[in-house]
Every structure is written in structure tokens, then in C-alpha cells.
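Each value in this text was obtained by applying a stated rule to the coordinates, not by laboratory testing. Remember, predicted model here, so these are calculated numbers, not experimental data. Backbone-built Cβ (ideal geometry, glycine too); neighbour counts: all protein chains shown.
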Amino acid sequence: MTPFDYSSTARRPAYATLPDEVRDAIVTTLGGPPDDVRPAGGGLTPGFAATVRRGGTSLFVKAAPDTGTFTYPAYRREADILAALPDGLPVPRLLTASTVPERGTGATWIVLCIEHIEGVMPGAPWRSSDARSVHASLVELNSGLADLPPHLVTGSSTDGLVDDDDVLGVFGRRARNELALPFLPDAPAECWLDLQQLVEQAASVLHGRDTLHNDLRPDNIVIERGSGRAYVCDWNFLTRGPAWSDWAGLLPYLHHDGLDADTLLVSSPLTAGVEGGTIDTWLAVLAAYLTVSGLSSEVPTSPRLRAHGRFSARIMVDWVSERRKWTP
């Protein structure tokens with residue numbers, strides 16, 4: 001299967017097109033006009049996101065107007081969460097967050113200036129050292145996020161999954177040949193029914209009150225050059241659920257790149273002792289959600305969003321099929 005390039009998924013506005021007021025806010029934090037602006041190629045939202053540099057100073061900047069129905073509230077929520085995180089966690093620090101009125105339009109922009117981490121995105125392909133770094137950071141975050149203000153940690157990791165009829169029924173429809181899923185592997189009806197049963201039990205199996213990132217993908221991670229520490233970015237989906245959910249949900253990407261995900265699963269303190277069927281249930285319901293997303297209409301402002309869904313659904317089904325020993 002062709003690898004998915006998470007470093008080139010976004011369609012973002014150029015720095016020069018930002019309103020003067022937004023650029024002024026960036027310049028104030030940076031200490032002057034930037035010498036270099038490098039847009040973030042990764043990500044699945046259309047907001048401005050770039051590394052800006054002036055001399056020896058670098059910032060990672062996000063900005064979006066309140067005319068954006070998703071990106072603006074997402075950036076505002078991320079600002080609130082970053083401001084509340086304890087110091088020392090493997091998370092880039094929020095330096096400034098401001099709301100900036102744009103003259104003449106009535107729009108208001110949110111501008112986040114975040115610590116720039118000099119490093120690389122993992123997963124091209126995944127290496128064992130990167131897996132160890134990410135796992136260490138997730139263990140650290142599991143304890144470090146425990147005392148966040150309750151109003152910031154909303155909902156459950158199964159919201160939008162177990163309460164969506166399309167998600168709950170997609171594999172059953174495939175088993176009955178009511179739906180074509182050409183981006184998923186060929187399998188007999190009993191395999192799709194196995195997935196369907198896993199999805200149906202998700203609401204009764206997937207419980208937990210730990211704080212989760214809940215959107216962990218390669219493009220939301222930076223491996224710092226020199227230290228090798230894994231920094232976790234993009235915090236607007238913070239929620240509660242089983243402590244192992246972020247780690248287990250990331251492992252299909254590592255499995256796809258040839259790492260021994262089953263050993264990583266059982267050797268982790270996050271997932272050790274968790275029943276295999278419970279892990280499979282989480283993977284199955286994630287795959288169902290991503291399958292539905294992959295079948296949906298393309299989004300012009302996020303041209304790789306649906307392809308991400310199709311790719312991720314495939315690698316999750318591939319791993320579940322191995323774990324459950326499906327036969328062709």
C-alpha cells in the first residue's frame with residue numbers, strides 16, 4: 001500500500017495575505033518583521049500555520065478569522081488548553097495568544113505564537129527510536145494532564161463514534177454487500193461481521209476518565225533534534241477516555257511501516273493488561289469512523305482530509321485482521 005505523506009496535506013494562506021493587524025501581532029512577539037516564513041505542510045485544517053524566523057528567534061504561529069466555523073474555535077480552544085498545561089511537559093509552550101480585530105471587515109482573528117521545536121515529523125517511515133520517544137512522552141502526559149481544569153477536558157473519546165448511526169452500521173452494510181469499500185481489503189462477510197460486532201460493543205467496553213490528546217497522528221508530533229524528545233502538538237480535541245487510547249490509536253501507523261506493534265502494545269505500561277478484544281474494539285470503531293469520513297465528499301479547504309480517512313481506515317483494518325487471524 002502506498003504510504004501517506006503527512007508532511008504535505010494542508011492548503012494554507014500565505015503570510016503576505018494575512019491582514020496587517022495579524023502580521024503586526026506576529027511582529028510584536030517575534031521582535032520585528034520575519035526574515036523567513038515556512039508554512040506548515042502538515043495538518044488537516046485551512047488556518048494559517050507557519051514557522052516564522054527573525055535572526056536567531058523562531059516561533060510557530062497559528063492564525064484564523066472568526067469566519068472559519070471550525071478553525072477559529074479550534075485555535076481558541078487550543079490556546080486555552082496550552083495556557084493551562086503544567087510546565088515541563090513534552091508540549092510546545094504557548095508564548096502569546098491574542099484576538100485581533102481586522103479593520104474594515106468586522107472579522108476578528110485569533111493569533112497564537114507558540115514555541116518552535118526544531119525537529120522532524122516521525123513516520124517517514126517510523127523508526128523504533130521514534131516509537132520509543134513518542135511512547136515516553138505519552139507516559140509522561142498520562143500523569144501530567146491529570147489535574148487540568150475540568151472545563152477544559154470535555155466529552156469522551158467515543159463521542160461522534162458510538163452515537164453515529166453511519167459509523168455504527170458501516171461494516172454491517174459491507175457484510176450485506178450494501179456498500180462498496182474499495183479502499184479496504186477484500187474479506188468474506190464473516191470478517192466484516194466480526195468488525196461490526198466489535199463496533200457495536202464499543203459503548204459498553206470503552207470506558208475511562210484519563211485525559212487524552214485524542215488526535216494523535218504523525219503530523220501532530222515533532223521529534224526534537226538533539227534530544228530526540230517527542231513533542232505533541234495540536235491540542236484542540238482534548239477529552240477523557242481510557243489511558244491507552246492515544247497509544248493504541250497511533251500503533252497502526254507504526255505497524256504499517258513494519259514495526260512490531262503487538263510487542264509495543266503488550267510491553268507498554270499504558271496498554272499492558274488491557275484485553276486484546278478491547279484494543280480491537282477501539283481500533284474497529286476508529287476504522288469505522290475513518291471509513292465513513294473517507295466515503296464523504298471532498299473538502300476543498302482540506303484536500304487530503306478524505307484520503308487521510310481512507311488510508312487510516314485501511315491500516316487499522318489491516319492490523320485488526322492480523323490480530324484476529326482472518327483468513328482470506
Worksheet item: Does Asp130 fit the bill of being in a helix (DSSP H, G or I) and either in contact (Cβ under 8 Å) with a residue 60 or more places away in the chain or among the basic types (Lys, Arg) (or both)?
Response: yes
Item to complete: For Pro86, state whether it is touching a Ser or Thr at 6+ places or on another chain (Cβ under 6 Å), surrounded by fewer than 20 Cβ atoms within 10 Å (Cβ to Cβ) and on the phi < 0 side of the Ramachandran plot.
Response: no
Worksheet item: Condition test on Ala175, is it without any contact (Cβ under 8 Å) to a residue 24 or more places away in the chain and more than 25 Å from Leu264 (Cα to Cα)?
Response: yes
Response to the item:
Residue hits (region 62-93; within 16 Å of His116 (Cβ to Cβ), assigned to a loop (DSSP other than H, G, I, E, B) and free of Cβ contacts under 8 Å to residues at least 60 places away in the same chain) are Arg93
Item to complete: Could you check Thr108 against (1) of a type in the set (Val, Ile, Thr); (2) surrounded by fewer than 16 Cβ atoms within 10 Å (Cβ to Cβ); (3) out of contact with any Asp or Glu (no Cβ under 7 Å at 6 or more places or on another chain) and say which number it fails?
Response: (3)
Discussion item. Filter region 256-283 down to the residues that are within 19 Å of Trp326 (Cβ to Cβ) and buried (at least 18 other Cβ atoms within 10 Å of the Cβ) and list them by number.
Written reply: His256, Ala261, Leu265, Thr278, Ile279, Asp280, Thr281, Trp282, Leu283
Item to complete: Keeping to region 50-61, report how many residues are part of a strand (DSSP E or B) and surrounded by fewer than 17 Cβ atoms within 10 Å (Cβ to Cβ).
Response: 3
Discussion item. Take Val139 and tell me if it is within 18 Å of Leu265 (Cβ to Cβ), assigned to a helix (DSSP H, G or I) and in contact (Cβ under 8 Å) with a residue 60 or more places away in the chain.
Written reply: yes
Worksheet item: Can you tell me how many residues in region 155-190 are among the polar types (S, T, N, Q), under 25 Å from Pro242 (Cα atoms) and assigned to a loop (DSSP other than H, G, I, E, B)?
Response: 2
Worksheet item: Counting just the residues of region 191-246 that are free of Cβ contacts under 8 Å to residues at least 12 places away in the same chain and part of a helix (DSSP H, G or I), which one comes out surrounded by the fewest Cβ atoms within 10 Å (Cβ to Cβ)?
Response: Ser204
Item to complete: Tell me, yes or no, whether region 116-126 has at least one residue that is touching a residue at least 12 places away in the same chain (Cβ under 8 Å), out of contact with any strand residue (DSSP E or B) (no Cβ under 7 Å at 6 or more places or on another chain) and of a type in the set (A, V, I, L, M).
Response: yes
